[in-house]
Amino acid sequence: MNETQQHSRGRQASRRTFLKTSAAATGAAALAFGTGKPIIHALAADYAAGQVPDREEKIFQAPCYNNCFGHCRLNVHVRDGKVVKTSRAPLPDPRYAALDDDPTVDDSYYRICLRGLSHPQRIYSPTRLKYPMKRAGARGENKWQRISWEEAINTTAEKFTAVQRQYGKTALGIHHGSGNFGTLNGSMPGSLGLLEKTLGATNIDLALDAGYIPGINRVCGFYPGAWNTNEIADIVNSRNIYVWGHNMTVSAIHQWHFVADAMENGAKLTVFDPNFTGIAAKAHRHVSMRPGTDTALIMSMIQVILAEKIYDQDFLLAHTCAPFLVRESDGMYLRMSDMGVPAKEGPIFIYTGKHTVIDPNLVWDTEKNKAVPVDEATAPALEGSFEVRGVKVRTAFDLLRDQVASFDPETSKSITDVAPDVVRAVARDFAKIKPSASLIGMGNQAYDNGPVWGHAIATLHAVTGQIGKSGHALGNPWFMYLGINFGMAAPEAIACIELPELLETGKVKGKVRPPIKALLISQGNPITAWVDQNYWVKTYWPTLDFVVVVDDQMTDTAQMADIVLPKSHWFEHEDILPLGGTHPFIQHGDKAIEPLYESRPDVDIHRLLATKMGFGESYAGSNEDILKQCFETPLTAGYGLTVENVRKYGTLRFQNKGYIAWNDLKFNTQSGRMEFYCDKPVDQAGAPVAPERTKGQRLPTWEQPREASVDNPLFKKYPLVLNSERPRFRVHTQWFNTEWLRELDPEPIIRLNPGDAAKRNIAHGDYVEIYNDRGHAVAKAVLSGGVRPGVMVYPKGWQRYQHKAGSFSELDSRAFDSVGINQSFFDVLAEVRKWNGQV
Amino acid sequence: MANKRLGMVIDTKRCIGCHTCAMACKVENNLPDKNWWNRTLTVGGKEMDTPSGTFPNASMSYITLACQHCENPACTKVCPVGATYKREADGVVMQDYDKCIGCRYCMVACPYTGVRVFNWEKPKYQVDFAVGDANVTPHQKHTVEKCMLCTHRLAKGLQPACIEVCTARARHFGDFNDPNSKVSQLLLKRSHFQLLPDKETNPTVYFLT
Amino acid sequence: MNKIEIKTGSQKLIAATAFLTVIGFSLWVYQIVRGLFVSDMRNLSPWGLYITMFMFFVGLSAGGLIIATVPRVFGLKGFKPVSKIAVYLAICCTVLAGLFIVVDLGRPERMWHLLAYSNLGSPLMWDVLVIPTYLIVSTVYLWATLRAEKGKGSEASLKMLSTVALITAILVHSVTAWIFGLQIGRPFWHTSLLAPMFISSALVSGLALTLFVVLILQKVGYLQRDPESKCRMASLLGLFVLVDLFLLFCELITAAYPLGGTEFQVVKTMLTGIFAPMFWIEVLGGLLAAFLLLNTGTQKDNRLVGGASLLAILGIFFKRYQLLLGGFQFPNLTHFSITTGPVAPDAGTWWRGLQGSFIYFPSIFEWSLTIGVVSMGALLLTLGLKYLPLKPAK
């Protein structure tokens, strides 16, 4: 018997022992997490799913650490010291197998994909960065000189220290992308957060894919990371699934099989997307709207539901703000503090560590015929205008109805281009078929009106009571909490899209602060991943004194660095993936092989840098110590999530099987209810929105996309909306030069509607130039009847050199919404023409 | 013991054309550059992931295509040296690299477009050591190769590499001669088709609709 | 024209063809070392010019033997003066046909597998058996003819041998046709008419080649002019061309009449699609050749008859090339997929651009190697004419 098999048996034997202790730990943990009752399950990392090690082969296990949110658990097969393949490793729900001794294994979360399978090629890529290098030409010229680690660290430390001395500590920016979510070597608040904290640097935040979070959180209450929704496996219990701006069969392929199961169970699938996407091809119904107009569509659905009185009245009265009284004068809620009962301090909110406020809302009790605190009402009024102590008030429900009144389906058609009978049908289905679910992708938040969209979709769920039970979903399951030590973070953070404001005015959100003069970038490729590439390359980068990029490939961003540091691949170091992505497991990652060439794990790079800069004490401990320091928090400890346990069991489930979000219907808002009316709206960062926007953010509101709107004068010049797709061949820009994937997907393409192409005399296979005032990109034209007329779609994530000319990122606008504080990748107008061959 | 009739059932309602099965095959079998034994076909427009018809009346689906392991293979008949043959015990259509004389008649005879590949030169690889399973027969220049249902895995009691990786849970493998096997049951329950039935080859790969 | 000139002329020809043969051999070695990648054949078009030339030369080999044996078998007035040359021509063509198979093989060093692991169900195996037989029978027949000239052997045994040779010839063409025609997977090929058509085409190309060679040999004085038998050969060729065209017509009308289905599409492609130029050269050229060959006025003109013969040969070559391409041009599964295996380089793009897009066009390397192989045939022919007693007995 070889080592691996013994190893696996060892794990098997100890599984039961752990489950006993974990049950105790759970019982002891009094923390309410979400609204579920989490149980941690240890899994034996046996190789049940059909992996028999070959001769001379060792199998390790590690997750795919990147940001596709699949976070598949992989077997890493090592032969002769080399990674020869990866395979699907078990990530089972152990409750049946372990607790009931049922041999049936639930393999819901066993997964791997074409990218995960191509790791051998990534590890042994001929273009992998092998040693530290310094720039030998101008920035971006891509000329390099090999240097020693010592020189690299010395120079970096010297430059960083100089910048911090001259401009202030926070003039050093640390930016991390989402390329690796490991604790020690990734972008989660772990070792990198420790470095930011130690150096007093500014965290340059990604500011992307978060556009509708303020909107949803406004209604459901703050939730760390993103939103709280049912475990994806629970979607099989849904009877009516609405998929919004989410081409999951391409961009999140591991979610599809759950939806397919649901359809086999009889669920009806409706896809809302301007374009006929892969998932639309699977759907019973595809609703195509003008890009960026979904908010108007949802408001129209709400209008239908309210007008036809098919809302869930019991739910509205019991679990939403619908009966709350709102002062007509200033739009503020009428609370007990207005009646002379001072607000009290409530218990600590675990996600923020701050005390909550107890200041009950008032509702109109129709039996008592007066305003009473919500908890005392026996017959709260849903509708009506009242006077309370001389103050004119109305119910929040009335205000919502007024707000959507002008969005009847006939009128909304002029905005959305969706037929009225379709709007009525989808509205009625959503109200009547229970349970209904909304699975949400990144499409809708990619316009500047993302926050109001989030507000609207959450409101739709509130008025129909479609939340808190099995078969519901509002969002997409992002299990990214528990293991993340939010205490391990930079003292200050700026969103990357606020950098231009800082550069031009010396202020961020009106506050003076030091400029950013040096950057350390890791796990990311902002030059390609951020909007408006030309701005960063031509305007912003020249203002930086010094840039260091840590990566394993010479990305567009690495080319813009002064020093490039080679990092080890995921399987070349040990780590813990502290989040589950779309599954509820925390995973340990084995170190399968030694780092290749001169590459080093991120944590070692952090240690070298901090030590050289005189802050060695932060990294005085071993990597083990740092891992514990970063991963183990009171929250995780309460659930038995220790480094020891994660390492011992490989994977730990931190949610009940079939986790249901908000299943006690206690929301994280001040009132504990769904507050579709929000008297004090806040922005992405939790700050109150600007006074002039407050009124507009209190209820779901139709806002035009900033740019991608037919009403924009620019539309005459650039009549096509530029959408992108997250292709299965890359994750953001990762895997960009993995040849096996390039054999499937060799070059940048742009999908055009055949009619739009014909108007421009563009034929299938032509190289075309997509352009607007900000820049251009050249790609091969693919005519697709699936593209909505007036729209173009490009699969994203190519490096500059892979385009014949330009880059898609040049075309995006860096204007952003002050509430969403988010990069709007789709809010872009452009035009296309045959390429004339010029670069 | 009765002979097996090993084959696959692929659910086109579930398949999303993600290429994961193709990649698993590629790595497991250490396929040379550009060679694919298993591929994703878009049933729709003339490019990958494009539908037939135009907006809003479009439709699109996928099939994955590899050797069909036909009951009545066209290829085994024509091979002058018996380098491609059907295994009696389980019906797998094999390809013997050591016997093959490189005449490519089997590629000509097979009606299923592109399921066989010929190494037109010395096999080249992106990674400079053999990846995938250690028991895979090394590839040879100027011989024909194709899917052999991962016989090296069957020998270990495992399913072919493309089955378990399927992200859509659309692929099933089993013995059609066993009426209780999952694949047999699926054929009973669901409507299905075989590719190119008019070629009279009777594939052991079925597609559910 | 005196004898010296012929001698130097043949020496030059021997030197030139020998040189090209050596080059051809070197190219073959290069192809084995570097890989068949140097051809434009790829996974979706696994056969190309080499197999086309195989088919073509099998056909060319027919003429000689048929001219030599048919009259004898059926007791008709023959073409005795040219029959030895015709048979030798057939031998050369058969050798070339075999060589093109070898050139096409990926692993020629494993050819012994054909004997060791024979699969007798394979049409290719049938050809492996029948072509050497044909070669042997032709050689024996030539040997017997020469012996008969010297008064040895009986006319009866020669007649017997003729019958065997004729049957073998018919088998060779049929078997070669069946390599293609039995393939249900290739609609373009799958027709029962293919074997008869191969025979009729073989008659056309074989006789045309013989006639052309005879005319040349007459011109250079190797053979005596014989207008009467030339005209008879021309008439016969004209007739063959018409028969071949008739069979083609039968095939086309059967396929086209339903005005639908795969076979109709095939006809459309030939008549108006990307094969149209080749098809119409074949048909119109055939009709023109038939006219020139059958018309008593034009059949006297050596240049016109020579031209008509070449036209007939060209037509058959196009027919072969088109047949081969047609098998691959229309894949059964047309859904988009990535191409497996390497993609053909852009050599021949101009040609593809000229007429739609062919799935395959021979690379310059393939043309060169083919010229080398054909040169070897020319060398064999020249050597034979020079050193073997092929001249008509005085």
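Where does segment B:6-208 land on the Kirkwood hydrodynamic radius, alpha-carbon pairs, in angstrom? It is 17.6 Å. Using only the alpha-carbon atoms of segment A:557-671 as identical scatterers, what base-10 log of I(q)/I(0) does the Debye formula give at q = 0.18, 0.22 Å⁻¹? Calculated log10 I(q)/I(0) at the listed q: -1.05, -1.29. Extents of segment A:290-332, largest first, come to 36, 28, 17 Å (Cα atoms, principal axes, whole angstrom). Site pair A:Lys309 and A:Arg165 shows an inter-label distance of 7.7 nm when each label is modelled 7 Å from Cα along Cα→Cβ.
With R₀ fixed at 51 Å, the C-beta to C-beta distance from B:Glu200 to C:Ile216 puts the FRET efficiency at about 0.55.
For chain A, the relative contact order is 20 percent, taking Cα pairs closer than 8 Å that sit 6 or more residues apart in sequence and dividing their mean separation by the residue count. Measuring nothing but how far apart in sequence close Cα pairs (under 8 Å, 6+ apart) lie, relative to its length, chain C scores a relative contact order of 29 percent. FRET efficiency for the pair A:His355 and A:Asn712, taken as 1/(1 + (r/R0)^6) with r the Cβ-Cβ distance and R0 = 30 Å, rounds to 0.10.
Principal-axis analysis of the Cα atoms of chain C puts helix C:302-329 at an angle of about 30° to the longest axis. Highest-first packing order for the peptide set B:60-73, A:485-498 is B:60-73, A:485-498, based on the mean count of other beta carbon atoms within 10 Å.
Prolate is the label for the protein assembly as shown, because a/c, from the alpha-carbon gyration tensor with a ≥ b ≥ c as root eigenvalues, is 1.5 or above and a/b exceeds b/c. Set Lys and Arg Cβ to +1 and Asp and Glu Cβ to -1, take the dipole of the protein assembly as shown about its Cα centre, and tell me which of A:Ala779, A:Ala518, C:Leu385 lies farthest positive. My answer, from the dipole projection, is C:Leu385. FRET efficiency for A:Glu692 and A:Asp408, Cβ-Cβ distance as r, R0 = 22 Å, nearest 0.05? The calculated FRET efficiency here is 0.20.
For chain C, the longest principal axis of the C-alpha atoms and the axis of helix C:194-219 are separated by about 50°. Between the residues C:Cys93, C:Met55, C:Pro81, the greatest Cα displacement towards the positive end of the dipole of segment C:1-121, with unit charges on the Cβ of Lys, Arg, Asp and Glu, is found for C:Pro81. Straightening the chain between A:Arg428 and A:Arg833 buys 141.5 nm, computed as 0.36 nm per residue apart minus the Cα-Cα spacing. Spacing of the modelled spin labels on A:Asn154 and A:His764, each 7 Å from Cα toward Cβ, amounts to 6.1 nm. Counting every other Cβ atom within 10 Å of each residue's Cβ, C:Ser357, C:Ser309, C:Ser10, A:Ser108 order from fewest to most as C:Ser357, C:Ser10, A:Ser108, C:Ser309.
Projecting label points 7 angstrom from Cα along Cα→Cβ for C:Thr254 and A:Ala419 puts them 5.0 nm apart. Normalising by residue count, chain C has a Cα convex hull of 154 Å³ per residue. Partner shielding of C:110-119 amounts to 5, given as the average count of beta-carbon atoms from other chains within 10 Å of each residue beta-carbon.
Once you have a ≥ b ≥ c as the square roots of the Cα gyration tensor eigenvalues for chain A, tell me rounded if a/c is under 1.5, and otherwise prolate or oblate according to whether a/b is larger than b/c. Cα axes put chain A in the rounded bin. Relative to the dominant Cα principal axis of chain C, helix C:227-256 is inclined by about 20°.
Judged by the mean number of other Cβ atoms found within 10 Å, the most tightly packed of the peptides C:96-106, C:240-250 leads the ranking C:96-106, C:240-250.
All C-alpha pair distances within segment A:713-834, sorted into 5 Å bins from zero, spread as 2, 11, 21, 24, 20, 13, 6, 2, 0 percent across the bins. Taking the Kirkwood radius as Rh and the Cα radius of gyration as Rg, segment C:231-272 has a ratio of Rg/Rh equal to 1.22.
Only the coordinates and a few stated rules stand behind these numbers; no lab work does. Keep in mind it's a predicted model, so treat the numbers as computed, not measured. Ideal geometry is used to build each Cβ from the backbone, glycine not excepted, and the neighbour counts take in all protein chains shown.
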